[in-house]
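Taking it in order: structure first as structure tokens, then the write-up.
The values are calculated or read from the model by the stated rules, or taken from the named source; none is laboratory data. Remember, predicted model here, so these are calculated numbers, not experimental data. Cβ placement follows ideal geometry from the backbone for every residue including glycine, while neighbour counts extend to all protein chains displayed. Note: accessible area is taken over every heavy atom of the protein model, side chains too, but ligands, DNA and RNA are not part of it. Shrake-Rupley method; radii C 1.70, N 1.55, O 1.52, S 1.80 Å.
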Amino acid sequence: MKCRDVERYAVDFLEKTLPQEVVSQIEAHLRDCPGCARLLSELSATVKACRSVPVPEFPEAAWLLRRERAVSDAVRFIRFRSLAATLASAAVLAVSIVAVRIAGDRTSPPSGWEASLSPDAIVEAVDYLETDSNIPIRTLAHPR
Amino acid sequence: MRQKSEEFDAFYREYGRRLYAVAFRLVQNQEDALDILHDSFLRAYRHWQRFRGSAKVSTWLYRIVVNLAYDYLRRRSRTKHLELLEHYDYRKDSYDGEKAVVHKMLAEQVRAAVETLTEKQKAVFVLKVYEELSFQEIAAATSARIGTVKATYFQALQKVRRHLKQQGVRFHEMS
């Protein structure tokens, strides 16, 4: 094992996650290489030094205040989300109703269209049926 | 609504202090760490139903905190607003006088050393050294590959070691 291999395995060595075979090779190298031995020892001491520094404590009362604020903000968010969901459902429903009505208006014939025909047009149509098509229209109207 | 509020309260109790510690170590300022924690919880709660009960919930929470801390650090570097450690107040009660001074000095040296790290190095360093997450968990929390996380951690550790050495920290006294 060479010095650059020790560097490559350094973090896993410190974490003790290497297979025993590799650990033995590293340990054998460390016995002959004071530079690598010092490096690993200092890296380990660095972790130890950093861990010895605590996060500053936050006063309990202030912490509770922060927690309450977070809880009230979360509740406000949930209320807002429920309201938004209700409004969105109502909007979807309204749009659907309007869409259905518009589609209905486009596909159905205009109601009472027969009434819009003039009497002259009816007479003309009956004449055509009687004279040109040879269909006895009165027979059709009053079948026996 | 009351049940939801209690659920959120329990969620905050369970993860609050751990996530605050991560946020603090990343931004080195109590007020900002608390703001990050607050925003992280609200962001997490919006998607809480998806992650509730999942084994990955803590990794997911770490990821939110780290991302918000990145945003904060970027904003801070843009505005050059550096009011670090204004409320830094280590508990001295547990130390005697001389020990307290030495410890405060070491704390300041460690803080300065960690401040020399890049965003990504800092996140990996904090999650490994203080939270003691596995490399796999850190990879998930930082959206990186395990190999990259290991390399980043080694670089960060080297940087902190060199900085502490330059500051006159005597490692042999610690081991």
Quiz item: Can you find even one residue in the stretch B:121-138 that is within 19 Å of B:Arg161 (Cα to Cα), polar (S, T, N, Q) and either in contact with a strand residue (DSSP E or B) (Cβ under 7 Å, 6 or more places away or on another chain) or open to solvent by 10 Å² or more (accessible area, probe 1.4 Å) (or both)?
Solution: yes
Practice problem: Considering only the stretch B:12-38, state which residues are hydrophobic (A, V, I, L, M, F, W, C), in contact (Cβ under 8 Å) with a residue 60 or more places away in the chain and more than 8 Å from chain A (Cβ to nearest Cβ). | Solution: B:Val22, B:Leu26
Quiz item: Residues that are facing chain A (nearest Cβ under 9 Å) and within 25 Å of B:Asn29 (Cα to Cα): which helices (runs of 4 or more DSSP H) entirely in the stretch B:102-175 hold 1 or more of them?
Solution: B:119-129, B:146-166
Exercise. Filter the stretch B:61-80 down to the residues that are surrounded by fewer than 16 Cβ atoms within 10 Å (Cβ to Cβ) and at pLDDT 80 or above, then identify the one that is nearest to A:Trp63 (Cα to Cα).
Key: B:Asp71
Quiz prompt | Boolean, A:Arg51 is open to solvent by 30 Å² or more (accessible area, probe 1.4 Å), facing another protein chain (nearest Cβ under 7 Å) and at pLDDT 85 or above | solution = yes
